[in-house]
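One structure is given below, encoded as structure tokens.
Where a number appears in this text, it was derived from the coordinates with a stated rule and is not lab data. In this text the structure is predicted, and so the values were computed from the model without any measurement. Every residue, glycine among them, receives a Cβ derived from its backbone with ideal geometry; neighbour counts consider all protein chains shown.
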Amino acid sequence: MTGAEKPVVRTARCSCGSLKLTLRGAPERVYACACLDCQKATGSAFSYRARYRKQAIIADDGERRRFRRFTDKGRWTDQIFCPNCGTLIYMEAEVLDEQIVVSIGCFAEPDFAPPAAIFWSRRRHGWYEPKPEIQLVE
């Protein structure tokens, strides 16, 4: 197998390194979200995440905790985080059948693909003006 054919393997880690999630392949979508729940969950102006199929998971190691919240439509979203350092590694949601979304910062790869879209764009902070190729979704 040549370097060009070798599948990408990435590991998302929490800040203390005790929770790790290793995935094979490219994400199905990379996005940002500026909804108020994502701002609160990340402690930042928006979340930056990669959506993968659960079949992409090749290793899932370490203790974790879940925080379940409900959308205004009554659907659940689970935030999975490290109980030691509190880092939000990934999320599962009722509407994401057999998929997860991973916090891109946990990959520690500054050259990770940019978001294709920013959801809840009207909630983004005034200083953040995405590049024109990033789709703004309400």
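Some observations on this one:
- For G25, nonlocal amide neighbours, meaning residues 5 or more places apart or on other chains whose placed amide H falls under 5 Å from its own, are V8, V9, R10.
- Under Karplus coefficients 6.51, -1.76 and 1.60, residue-wise ³J(HN,Hα) of the range 88-97 in Hz, glycine/proline x: 7, 7, 8, 10, 10, 9, 4, 7, 9, 4
- For a straight C-alpha distance cut-off of 20 angstrom, the aspartates and glutamates reachable from K54 (same-chain residues fewer than eight places away being disregarded) are E28, E63, D78, E92, E94, D97, E98.
- Annotation for A93 and E109: the two label points, set 7 Å from Cα along the Cα-Cβ direction, are 2.2 nm apart.
- Interchain or long-range residues, amide H under 5 Å from T87's placed H: S15, C82
- Extended-chain gain in nm, criterion 0.36 nm per residue less alpha-carbon gap, C85 and F67: 5.0 nm
- Sorted ascending by nearby beta carbons within 10 Å, beginning with the fewest, W120, W127 become W127, W120.
- Extension reserve of the D37-K131 stretch, reckoned as 0.36 nm per residue once the Cα distance is removed: 31.5 nm
- Summing charges over neighbours of V102, with a neighbour being any other residue whose Cβ is under 12 Å away from its Cβ, gives +4 when K and R count +1 and D and E count -1.
- Sorted by Cβ neighbour density within 10 Å, fewest at the top, the residues I57, I104: I57, I104
- Sequence of R124, R51 once ranked by neighbouring C-beta atoms within 10 Å, starting from the fewest: R51, R124
- Stretch gain in nm, segment R75-E138, where the contour uses 0.36 nm per residue and the Cα spacing is subtracted: 20.8 nm
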